[in-house]
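Here's the structure, in structure tokens; my notes come after.
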Amino acid sequence: MSPVVEVEHLEKRYRDFVAVEDVSFTVEAGEIFGILGPNGSGKTTTVECLQGLRRADGGRLSVLGHDPRREADQLRRRIGSQLQESALPERLKVWEALSFFSSLSPGGGDWETVMNQWGLAEKRSATFASLSGGQQQRLFVALALVNEPELVFLDEMTTGLDPSSRRVAWDLIRKIRDGGATVILVTHFMDEAETLCDRVAVIDHKRVIAIDTPAGLIDTYAPDTVVTFSTADTDLGYLHDLREVDHVEWSGRQVSVTGRGPLLATVAAELVGHGQFPTDLQVERADLEDVFLQLTAREA
């Protein structure tokens with residue numbers, strides 16, 4: 001099966017300013033595909049070119065089999081979009097916005113169900129201007145889904161949401177994917193990308209600098225694991241002999257063992273085998289945020 005999205009050497013310029021220099025990636029059907037990058041890296045420009053909102057100046061683009069530069073109208077009937085910066089008329093009511101957007105799609109979508117899913121039923125007759133920032137954000141996402149799209153673009157969708165609302169949004173994103181749609185998620189929240197995304201592309205300096213699953217990126221760029229525990233025993237030389245262990249450090253009674261692979265299981269088994277049963281055995285492993293900071297700092 002062909003990828004849902006194919007991007008090869010995308011370029012976007014504004015006279016002498018280069019917004020996107022050389023971006024390439026593919027998105028497979030049914031994926032939640034994350035795009036990460038510092039401010040100004042070109043990620044929002046990239047997804048706007050994919051939707052036909054901005055015209056790419058170079059490269060090859062294919063989105064659901066359409067070229068966004070020539071077939072934007074056909075493409076927009078099949079995608080949903082929640083933009084980073086959006087606005088509606090201040091006096092427009094929630095139900096009016098959803099009903100109107102639904103009427104634009106062939107056959108019309110079930111806007112009332114979408115309204116309920118995104119927790120907007122109580123604000124049904126509220127005007128856009130009266131909504132809180134988080135409620136406005138939920139409305140924009142609901143508008144992106146009301147036409148039952150095959151591909152959904154979500155750009156900073158959980159910005160402004162409280163932690164509880166973010167978790168609800170995560171569940172709904174999974175439901176979008178489980179319902180057969182593909183999701184492209186632009187986010188600054190590393191925990192969001194690590195939790196939701198099947199694969200992630202990191203964009204910096206206008207180009208893709210890394211792409212893999214979150215676990216794959218961690219294994220490649222921040223593979224070290226640290227196991228800590230406390231003990232009065234200073235004879236732990238046997239830990240140095242373990243294949244998974246790189247080095248062992250002491251700080252008073254606190255011991256830190258750094259290594260790779262199944263480090264926790266290996267260290268725990270070795271300690272038990274030598275009559276050690278620490279009750280505070282813990283493991284610390286890098287996360288996607290560590291990888292992101294390492295990648296973007298190195299590129300900078």
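Residue 155 - would you say it is within 19 Å of residue 292 (Cα to Cα), charged (D, E, K, R), surrounded by fewer than 16 Cβ atoms within 10 Å (Cβ to Cβ) and within 10 Å of the chain's Cα centre (by Cα)? Steps first, please.
On the way: within 19 Å of residue 292 (Cα to Cα): yes; charged (D, E, K, R): yes; surrounded by fewer than 16 Cβ atoms within 10 Å (Cβ to Cβ): no; within 10 Å of the chain's Cα centre (by Cα): yes.
Criteria not met by residue 155.
May I ask you to list the residues in the range 7-37 that are in a loop (DSSP other than H, G, I, E, B) and surrounded by fewer than 17 Cβ atoms within 10 Å (Cβ to Cβ)? Give the steps one after another, and end with the answer.
Applying the first criterion (in a loop (DSSP other than H, G, I, E, B)) to the range 7-37 yields 15-16, 28-31, 37.
Across the range 7-37, the qualifying residues are 15, 16, 28, 29, 30.
Only one residue in 209, 203, 176, 184 is assigned to a strand (DSSP E or B) and within 30 Å of residue 113 (Cβ to Cβ). Which one?
Values: 209 fails: within 30 Å of residue 113 (Cβ to Cβ); 203 fails: within 30 Å of residue 113 (Cβ to Cβ); 176 fails: assigned to a strand (DSSP E or B).
One residue alone meets the criteria, 184.
For (1) touching a His at 6+ places or on another chain (Cβ under 9 Å); (2) over 30 Å from residue 62 (Cα atoms); (3) touching a residue at least 12 places away in the same chain (Cβ under 8 Å); (4) polar (S, T, N, Q), each residue gets a yes or a no:
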| site | (1), (2), (3), (4) |
| --- | --- |
| 128 | no, yes, yes, no |
| 135 | no, yes, yes, yes |
| 148 | no, no, yes, no |
| 160 | no, yes, yes, no |
| 166 | no, yes, yes, no |
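Just a yes or no: is a residue in the range 182-193 among the polar types (S, T, N, Q) and within 24 Å of residue 35 (Cβ to Cβ)? Can you show your working first?
Just the residues of the range 182-193 that are among the polar types (S, T, N, Q), to begin with: 182, 187.
From the residues that got through so far, the ones that are within 24 Å of residue 35 (Cβ to Cβ) too are 182, 187.
Yes; the residues of the range 182-193 include at least one that is among the polar types (S, T, N, Q) and within 24 Å of residue 35 (Cβ to Cβ).
For the range 10-49, enumerate the residues that are touching a Lys or Arg at 6+ places or on another chain (Cβ under 7 Å) and farther than 27 Å from residue 158 by Cα.
18, 21, 22
Given the options 213, 231, name the one that is hydroxyl-bearing (Ser, Thr, Tyr), on the phi < 0 side of the Ramachandran plot, out of contact with any Asp or Glu (no Cβ under 6 Å at 6 or more places or on another chain) and modelled with pLDDT under 95. Step through it out loud before you land on a result.
Numbers: 213 fails: modelled with pLDDT under 95.
Selected residue: 231, the only one of 213, 231 that is hydroxyl-bearing (Ser, Thr, Tyr), on the phi < 0 side of the Ramachandran plot, out of contact with any Asp or Glu (no Cβ under 6 Å at 6 or more places or on another chain) and modelled with pLDDT under 95.
Output the number of residues of the range 72-105 satisfying the condition of being surrounded by 15 or more Cβ atoms within 10 Å (Cβ to Cβ), free of Cβ contacts under 8 Å to residues at least 24 places away in the same chain and within 27 Å of the chain's Cα centre (by Cα).
Qualifying residue count, the range 72-105: 1.
Give me a count of the residues in the range 240-263 that are within 16 Å of residue 281 (Cβ to Cβ) and touching a Gly at 6+ places or on another chain (Cβ under 9 Å).
Within the range 240-263, residues that are within 16 Å of residue 281 (Cβ to Cβ) and touching a Gly at 6+ places or on another chain (Cβ under 9 Å) number 4.
So residue 4 passes all but one of these: (1) surrounded by 20 or more Cβ atoms within 10 Å (Cβ to Cβ); (2) more than 21 Å from residue 78 (Cβ to Cβ); (3) among the β-branched types (Val, Ile, Thr). Which condition number does it fail?
It fails just one condition, (2).
Collect the residues in the range 276-295 that are touching an Asp or Glu at 6+ places or on another chain (Cβ under 9 Å) and not in a strand (DSSP E or B), keeping them in residue-number order.
Scanning the range 276-295 gives 276, 286, 287, 288, 289, 295.
Could you go through the range 7-30 and let me know if any residue there is touching a Cys at 6+ places or on another chain (Cβ under 7 Å), in contact (Cβ under 8 Å) with a residue 12 or more places away in the chain and either polar (S, T, N, Q) or within 22 Å of residue 147 (Cβ to Cβ) (or both).
no
Taking the range 42-85 as the search range and keeping residues that are hydrophobic (A, V, I, L, M, F, W, C) and part of a loop (DSSP other than H, G, I, E, B), which one is farthest from residue 21 (Cα to Cα)? Lay out the reasoning, then the answer.
Step one: list which residues in the range 42-85 are hydrophobic (A, V, I, L, M, F, W, C), which gives 47, 49-50, 53, 56, 61, 63-64, 72, 75, 79, 83.
Subsequent filtering for residues that are part of a loop (DSSP other than H, G, I, E, B) retains 53, 56, 64, 83.
On the way: 53: 18, 56: 11, 64: 23, 83: 22 Å.
This residue is 64.
The values are calculated or read from the model by the stated rules, or taken from the named source; none is laboratory data. Model, not experiment: these values are computed from the prediction. Cβ atoms come from the backbone with ideal geometry, glycine included; neighbour counts cover every protein chain shown.
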